[in-house]
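Have a look at the structure below before the remarks.
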Amino acid sequence: MSHPATPVVPETVDGAATPPADGEEIIRFAHVGKAFGDKVVYEDLNLDIRRGETLTIIGGSGVGKSVCLKMLIGLLKADRGSIRAFGDEVTTMDERALMGVRSRIAMLFQGAALFDSMSVEDNIKYPLREHAWGTEEQMDARVAEVLELVDLPGVQKLRPSELSGGMKKRVGLARTIAMKPEVVLYDEPTTGLDPITVRRINGLILRLQERLGVTSVVVTHDMDTVFTVTNRLALVYQRRIAFVGTPEEARHSDIRFLREFIKGGRGVLQEDLS
Amino acid sequence: MSGVQTFFGAIGEVAILTGQTARELVRRPFEVKLWIVQLEQGGVQSWSITFLTAVFTGMVMASQFAIGLEPFGASLYTGKLVSLGIVRELGPVLTALLVGGRVGAGFTAEIGSMAVTEQIDAIRALGANPVRKLVVPRVVAMVIALPLLTVLADLVGCLGGVFITMLEVHISFRFGIEQMIDTVDVPDLIHGILKSAFFGYFIAIISCWVGMNTRGGTEGVGQATTRTVVWTSITILISDFFLTRFFLAIYG
């Protein structure tokens, strides 16, 4: 699988990464609607994602940030509207066609979603085996390589129950990137972790962007994450994307909710405290 | 949504899952390793509970019939009644109810836990099919294991009956066995075994469907497990009537 050239991600104010210059649009949500029973999550979701960037999606609890990621890879079906990934319409794909999309767009789940019955090694080999990635020796080498990348060498034989929360997230990330995806979706990658582990995970997101050139979409509540990894920021508010822009633009936005959201702290959002 | 709508919606979803399972069952390569794991966990590990239940059921039946038939001078027919009752009905049904409770609850708890921790979503996101990975092995295992367990139940249940008949009616072991062999025809055996294959399918498909639709964290897993035991038990008992009528119409 080919990858775009690694973008340059210099540190700027607050450690945030600067956006790659005019990356090609690879994902587009257009007029997407989604409801669960009577609860309308999205009325008119419009968003584009550019190659090489790290887009962060923020918003209150339960507004549908994760739903947005799951619709993108077909884990949830949109009720209406269009979602295009690499030029192909995702909403009309069957499960078989979606597997092609999922080999290019991988997702790190909120709780890492490691398979309890398997070792770390088997967890990471899972997608490799499914896609007949290579010989057993090649897969062993790949497992070691991705574990090295997430700073967890030598944990192949451990079970998920033997790992801490932060280690689970990192093993989950290793499994996510094992197939060398072009886009990585992070669903609350730092929730429930201590500040040092949060910084480590943030560093990993940046490192993956730098080394592998992956496009990242990060759903988070954590302002440290927002200001460390973000090129562009999207706010989910009132069942749509109410703002898209750089973190700096967000600070001076006309949307009071967004300004207060950001001011809510570089740790936990005000909304979570209420 | 009304209860009737929910009920028929559930039947529809189970039917759809059955279709998906059938499609994935014949798709190569076969996941034989996963099938064997489930056969071991669902089938082999259920032999002791099947053995105990069947042997005591056979003994209880023989005790009741030996006493009940005495006033009519028909105690010698105890072995006939016990063996027919066990092979045609109690063997398959009791085995299904017990294994359904044990294994079905386990299937739902395991798959339900995977559902609430997004592991099923992860399977799909990693390019695999959850029906192929989770449902097919369990359906295959139960459709194979339950008839085998039923044969075991038939055998030990009848032997338990013969043992008590020997004590109560004072027949010889040889007479008891010969009476059992004379009474039970091949269609009786096939009748019970085919029914148990259907029961195996019901247990696996219902418990997997409930598991995959589990919501609401650990509390949801507990509720789903209870639901599975109730639904599989009811399905076994109701379907037993229709299957019995169907096989009686075929085999007499």
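Being β-branched (Val, Ile, Thr), under 28 Å from residue B:234 (Cβ atoms) and in contact (Cβ under 8 Å) with a residue 12 or more places away in the chain is the requirement here; does residue B:37 meet it? No. Which residue pairs have Cβ atoms under 9 Å apart, sit 6 or more places apart or on different chains, and have a first residue in the range A:36-48 that is acidic (Asp, Glu) and a second that is not in a strand (DSSP E or B)? Cβ pairs passing all conditions: A:43/A:238; A:43/A:239; A:44/A:239.
Table: residues versus (1) assigned to a helix (DSSP H, G or I); (2) of a type in the set (A, V, I, L, M).
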site: B:124; (1), (2): yes, no
site: B:128; (1), (2): no, yes
site: B:136; (1), (2): yes, yes
site: B:139; (1), (2): yes, yes
site: B:150; (1), (2): yes, no
site: B:156; (1), (2): yes, yes
site: B:175; (1), (2): yes, no
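Taking the conditions (1) outside any helix (DSSP H, G or I); (2) at pLDDT 95 or above in turn, residue B:238 satisfies each one other than (1).
Quick one: which of B:248, B:194 is touching a Phe, Trp or Tyr at 6+ places or on another chain (Cβ under 7 Å), more than 17 Å from residue B:7 (Cα to Cα) and in a helix (DSSP H, G or I)?
From the options B:248, B:194, the qualifying one is B:194.
No other residue among B:215, B:174 is within 14 Å of chain A (Cβ to nearest Cβ) and among the basic types (Lys, Arg) apart from B:215.
Kindly evaluate residue B:101 against the criterion of being crowded, with 21+ Cβ neighbours inside 10 Å and either more than 14 Å from every other protein chain (Cβ to nearest Cβ) or touching a helix residue (DSSP H, G or I) at 6+ places or on another chain (Cβ under 6 Å) (or both). If you could, list the steps in order and put the result at the bottom.
Values: crowded, with 21+ Cβ neighbours inside 10 Å: no; either more than 14 Å from every other protein chain (Cβ to nearest Cβ) or touching a helix residue (DSSP H, G or I) at 6+ places or on another chain (Cβ under 6 Å) (or both): yes.
The answer is no for residue B:101.
How many residues does the range A:198-253 hold that are assigned to a loop (DSSP other than H, G, I, E, B) and more than 12 Å from the chain's Cα centre (by Cα)? So the answer is 9.
Using the structure shown, decide if residue A:175 is of a type in the set (D, E, K, R), part of a helix (DSSP H, G or I) and farther than 23 Å from residue A:67 by Cα. Steps first, answer last, please.
On the way: of a type in the set (D, E, K, R): yes; part of a helix (DSSP H, G or I): yes; farther than 23 Å from residue A:67 by Cα: no.
The answer is no for residue A:175.
Identify, from the list B:95, B:78, the residue that is away from chain A (no Cβ under 14 Å) and either within 22 Å of the chain's Cα centre (by Cα) or at pLDDT 95 or above (or both). Walk me through it before giving the result.
Working: B:78 fails: either within 22 Å of the chain's Cα centre (by Cα) or at pLDDT 95 or above (or both).
Sole residue among the options that is away from chain A (no Cβ under 14 Å) and either within 22 Å of the chain's Cα centre (by Cα) or at pLDDT 95 or above (or both): B:95.
If the condition is being of a type outside the set (A, V, I, L, M, F, W, C), more than 8 Å from every other protein chain (Cβ to nearest Cβ) and either within 16 Å of residue A:172 (Cβ to Cβ) or touching a Leu at 6+ places or on another chain (Cβ under 8 Å) (or both), then the range A:86-118 contributes only A:117.
Residues that are surrounded by fewer than 19 Cβ atoms within 10 Å (Cβ to Cβ), within 13 Å of chain B (Cβ to nearest Cβ) and on the phi > 0 side of the Ramachandran plot are absent from the range A:146-161 altogether.
Does residue A:170 count as within 14 Å of chain B (Cβ to nearest Cβ) and either crowded, with 21+ Cβ neighbours inside 10 Å or in a helix (DSSP H, G or I) (or both)? Spell out the reasoning first.
Numbers: within 14 Å of chain B (Cβ to nearest Cβ): no; either crowded, with 21+ Cβ neighbours inside 10 Å or in a helix (DSSP H, G or I) (or both): yes.
Spelling it out, it is not the case that residue A:170 is within 14 Å of chain B (Cβ to nearest Cβ) and either crowded, with 21+ Cβ neighbours inside 10 Å or in a helix (DSSP H, G or I) (or both).
Can residue A:80 be described as of a type in the set (D, E, K, R) and away from chain B (no Cβ under 14 Å)? Criteria met by residue A:80.
Against the definition (touching a helix residue (DSSP H, G or I) at 6+ places or on another chain (Cβ under 9 Å) and either polar (S, T, N, Q) or away from chain B (no Cβ under 14 Å) (or both)), how does residue A:203 come out, yes or no? The answer is yes for residue A:203.
Across the range B:48-59, the qualifying residues are those that are without any contact (Cβ under 8 Å) to a residue 60 or more places away in the chain and not polar (S, T, N, Q), and the one among them that is surrounded by the most Cβ atoms within 10 Å (Cβ to Cβ) is B:49. Within the range A:101-138, the set of residues being crowded, with 19+ Cβ neighbours inside 10 Å and either at positive phi or among the basic types (Lys, Arg) (or both) comprises A:102, A:112, A:113, A:125.
Residues in the range A:141-167 that are part of a helix (DSSP H, G or I) and in contact with an Asp or Glu (Cβ under 8 Å, 6 or more places away or on another chain) were compared, and the one that is nearest to residue A:125 (Cα to Cα) is A:143.
The values are calculated or read from the model by the stated rules, or taken from the named source; none is laboratory data. Treat the numbers as computed from the prediction; the structure is a model and nothing was measured. Positions of Cβ are backbone-derived with ideal geometry, glycine not excepted, and every protein chain shown enters the neighbour counts.
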